[in-house]
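Q: There's a structure below that I have some questions on.
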Amino acid sequence: MSKPLISVVMVVCNVDRFLAESIESILGQSFSDFEFIIVDFGSTDNSKAIISDYAARDMRIKLHEIPHCGLAEARNTGCFLAQGEYIAIMDADDVSLPERLAWEVEFMQKHPEVGVLGGAKEWVDAKGRHLFTNGDPTEDGEIRAVLPVRCTFCQPTVLLRSDAFAIVNGYRAAFAPAEDYDLWLRISEQFQCANLKQVVLKYRIHPYQVSFRKRKQQTLSVLAAQVSSTSRMSGAPDPLNGVEEITPALLTQLGLSADRQQTAFASDCRDWIRNMCLAGEDLIALKTAIEILDSSDVEFAERRQIADLWLTAAGLYWKQKGFLKSVVAVAHALRTRPVLAVRPLRQLLERFERT
């Protein structure tokens with residue numbers, strides 16, 4: 001039996017809410033020469049039953065069950081099982097558009113110098129309703145200019161060469177849940193990169209995403225990946241090669257102060273809260289903002305970031321008609337950053353309406 005051209009890899013752990021739609025979006029691709037590797041790493045909900053039902057109807061699905069482990073380990077299991085020339089990453093809560101694989105494999109076959117390819121995405125809420133559409137830099141030079149400071153790929157849009165994945169030895173477990181960013185940085189050191197302008201995925205924003213449940217660790221791992229890449233690019237050894245865990249203390253040893261770490265965390269949280277607001281999850285966004293402000297995780301962050309979080313909370317209180325709490329939150333923002341007092345009240349009220 002000949003090997004498929006593409007191996008689609010999805011990892012699953014307790015995601016039955018969106019799983020069927022995600023699986024169907026792959027099975028419904030216009031390009032059909034693929035195997036569909038699904039790794040279940042410890043589901044206790046209905047996920048395995050859903051996968052088994054689809055596998056019984058479509059021989060391209062290959063279900064692999066492994067004990068519960070980290071996300072990076074699960075992804076490595078699936079990717080190293082891949083038989084295809086290309087690996088397409090898919091997440092169990094997103095939806096691939098029907099032409100995704102066709103567009104991506106056509107591009108990769110025309111550009112053998114490219115090791116990793118992504119695409120634009122449409123952001124949707126938990127019910128699949130459109131929020132907005134965006135993409136990342138498309139050309140290799142543009143990507144290289146931005147990649148050292150932020151991730152330029154949305155992981156479930158990515159098609160990568162199996163050889164490129166093997167050469168860098170896959171994901172590094174210590175960098176989860178930013179294991180993808182670390183992988184793209186390492187692949188970019190040996191291959192060119194690209195993104196399609198076409199929208200290839202519906203990217204779902206919902207309160208149960210790993211990206212927020214492990215937000216602090218993701219921030220630390222992003223910073224670690226940047227330090228690691230900077231060191232390699234300068235010709236020095238990778239200071240994080242072989243580490244088992246990324247911690248604040250380790251980053252401090254590498255020259256990243258607590259101020260910088262917590263400012264990055266506050267900024268990332270603000271972005272996530274904004275996305276929750278766009279998705280109509282105002283109560284969850286408000287609860288999250290208050291939890292962060294009441295924690296010690298941002299005590300050394302820039303005052304600008306803390307004040308911005310307070311203003312965000314104020315706007316969310318205002319929308320919930322908690323006017324007194326909104327005023328108190330504004331007072332916290334002013335105490336944190338008095339320069340805000342020069343902003344006209346009208347500007348603040350307009351901001352509240354946009355939150």
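The values are calculated or read from the model by the stated rules, or taken from the named source; none is laboratory data. Note that the structure is predicted; figures quoted are calculated from it, not measured. With ideal geometry, Cβ positions are generated from the backbone for all residues, glycine too; neighbour counts draw on all protein chains shown.
Q: Just wondering, is there one or more residues in region 316-331 that are within 30 Å of A224 (Cα to Cα), surrounded by 13 or more Cβ atoms within 10 Å (Cβ to Cβ) and at pLDDT 90 or above?
A: The answer is no; no qualifying residue exists.
Q: So how many residues does region 251-273 have that are under 22 Å from W123 (Cα atoms), of a type outside the set (V, I, T) and in contact (Cβ under 8 Å) with a residue 12 or more places away in the chain?
A: 5
Q: Could you check how many residues of region 279-334 are of a type in the set (D, E, K, R), under 17 Å from D268 (Cβ atoms) and in contact with a Ser or Thr (Cβ under 8 Å, 6 or more places away or on another chain)?
A: 1
Q: Then there is this: Conditions: (1) part of a helix (DSSP H, G or I); (2) closer than 26 Å to A126 by Cα. V200 meets all but one. Number of the miss?
A: Every listed condition holds for V200 apart from (1).
Q: Would you mind stating whether A264 is within 26 Å of D91 (Cα to Cα) and not basic (K, R)?
A: Yes: the conditions hold for A264.
Q: In the list R75, R60, which residue meets the criterion of being within 21 Å of the chain's Cα centre (by Cα) and within 28 Å of Q198 (Cα to Cα)?
A: One residue alone meets the criteria, R75.
Q: Grab the strands (runs of 3 or more DSSP E) fully contained in region 1-114, keeping just those with 2 or more residues being in contact with a Leu (Cβ under 7 Å, 6 or more places away or on another chain) and within 28 Å of T133 (Cα to Cα).
A: Where strands (runs of 3 or more DSSP E) fall fully within region 1-114 and carry at least 2 residues being in contact with a Leu (Cβ under 7 Å, 6 or more places away or on another chain) and within 28 Å of T133 (Cα to Cα), they are 6-12, 34-40, 86-90.
Q: Moving to a separate point now. So, in region 231-250, how many residues would count as being under 16 Å from A72 (Cα atoms) and without any contact (Cβ under 8 Å) to a residue 24 or more places away in the chain?
A: So the count comes out to 2.
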